[in-house]
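Trainee: One structure, as structure tokens, below. Some questions next.
The values are calculated or read from the model by the stated rules, or taken from the named source; none is laboratory data. The structure presented is a predicted model; accordingly, all values stated were derived computationally and were not measured. Using ideal geometry, Cβ is built from the backbone for each residue, glycine included, and neighbour counts are taken over all protein chains shown.
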Amino acid sequence: MGVMVSSPPGSSGPRAAHFLASRSFLLALVLICSTVGGGLAGAIVARVVGPRSDVDPTAAAGVGFGATDLPGMIARIAPGVVAIEVTSTGIDAGGRSISEQVAGSGFVMDADGMIATNAHVVDGATSITVVFSDGAHVAGRIVGVDRTADLAVVRVSRRALEPLVMDQGGPVRV
């Protein structure tokens, strides 16, 4: 998900600075979207598959946090969630040079600097900065884009990253 903020060239733009300063907002937005999406997917699967007697509802307790431990969950996933700051330049309809700033989110895919984000966030980027939960700002470059799926992979030079854990269970059963 990305938010565009336009500002004149050479200007950092107070609206962009204010938005980008609210990384906790981005993290909360990622969590909310993930929770809602997961809930909808679960509801659809439950309706299609029906009740299951061979599933242990307490099995998720091994993940390390319960449904009521939101601060613990955020602390565990925060190192794997990043903010993406993108700048692009172009010419407006009047022939004037413009600079556009976009903010989005992403997640660490592996310890060697691969970051997943949306393609529309990095589309047309002249510079990409990945902001980590510890406040570090690291330059990134696009290494792959699938516009149809709206996915992009950005590589950063920072290593020993903590990938976002997607699943700690066994094989997926539907």
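Trainee: Mind checking which residues of the range 128-142 are out of contact with any Gly (no Cβ under 6 Å at 6 or more places or on another chain) and assigned to a strand (DSSP E or B)?
Mentor: In the first step, residues of the range 128-142 are kept if they are out of contact with any Gly (no Cβ under 6 Å at 6 or more places or on another chain); the result is 129, 131-142.
Within the range 128-142, T129, V131, H137, V138, A139, G140, R141, I142 meet the criteria.
Trainee: When the residues of the range 152-162 are filtered to those that are assigned to a loop (DSSP other than H, G, I, E, B) and over 11 Å from V81 (Cβ atoms), which remaining residue is nearest to the chain's Cα centre (by Cα)?
Mentor: Restricting attention to the range 152-162, the residues satisfying the condition of being assigned to a loop (DSSP other than H, G, I, E, B) are 157-162.
Subsequent filtering for residues that are over 11 Å from V81 (Cβ atoms) retains 157-161.
Numbers: S157: 18, R158: 17, R159: 18, A160: 19, L161: 15 Å.
Among those residues, the one meeting the criterion is L161.
Trainee: Pick from the range 60-92 the residues that are hydrophobic (A, V, I, L, M, F, W, C) and at pLDDT below 80: which of them is surrounded by the most Cβ atoms within 10 Å (Cβ to Cβ)?
Mentor: The first filter runs over the range 60-92 and keeps only residues hydrophobic (A, V, I, L, M, F, W, C), leaving 60-61, 63, 65, 67, 70, 73-75, 77-78, 81-84, 86, 91.
If we keep only those that are at pLDDT below 80 as well, we get 60-61, 63, 65, 67.
Numbers: A60: 13, A61: 11, V63: 13, F65: 16, A67: 8.
This residue is F65.
Trainee: May I ask you to list the residues in the range 71-127 that are in contact (Cβ under 8 Å) with a residue 40 or more places away in the chain, more than 16 Å from G140 (Cβ to Cβ) and not in a helix (DSSP H, G or I)?
Mentor: Residues satisfying the conditions are T89, S97, I98, S99, E100.
Trainee: Using beta carbons and a limit of 6 Å, which pairs, at least six apart or on different chains, have the first residue in the range 143-168 and more than 11 Å from G113 (Cβ to Cβ) and the second one assigned to a strand (DSSP E or B) and of a type in the set (G, A, S)?
Mentor: Short answer, once both residue conditions are applied: V145/A152.
Trainee: Quick one: count up the residues across the range 122-138 that are surrounded by 13 or more Cβ atoms within 10 Å (Cβ to Cβ) and either at pLDDT below 95 or among the hydrophobic types (A, V, I, L, M, F, W, C) (or both).
Mentor: 9
Trainee: Residues in the range 63-70: is at least one of a type in the set (S, T, N, Q), outside any loop (DSSP other than H, G, I, E, B) and more than 14 Å from S133 (Cα to Cα)? Write out each step before concluding.
Mentor: The initial filter retains those residues of the range 63-70 that are of a type in the set (S, T, N, Q), namely 68.
Okay, now just the ones that are also outside any loop (DSSP other than H, G, I, E, B), so none.
Checked the range 63-70: no residue is of a type in the set (S, T, N, Q), outside any loop (DSSP other than H, G, I, E, B) and more than 14 Å from S133 (Cα to Cα).
Trainee: Please determine, by comparing only the residues of the range 139-165 that are of a type in the set (D, E, K, R) and surrounded by 12 or more Cβ atoms within 10 Å (Cβ to Cβ), which one is farthest from M109 (Cα to Cα).
Mentor: Initially, the range 139-165 is screened for residues of a type in the set (D, E, K, R), giving 141, 146-147, 150, 155, 158-159, 162.
So of that shortlist, the ones also surrounded by 12 or more Cβ atoms within 10 Å (Cβ to Cβ) come out as 141, 150, 155, 158, 162.
Values: R141: 15, D150: 16, R155: 10, R158: 13, E162: 8 Å.
The selected residue is D150.
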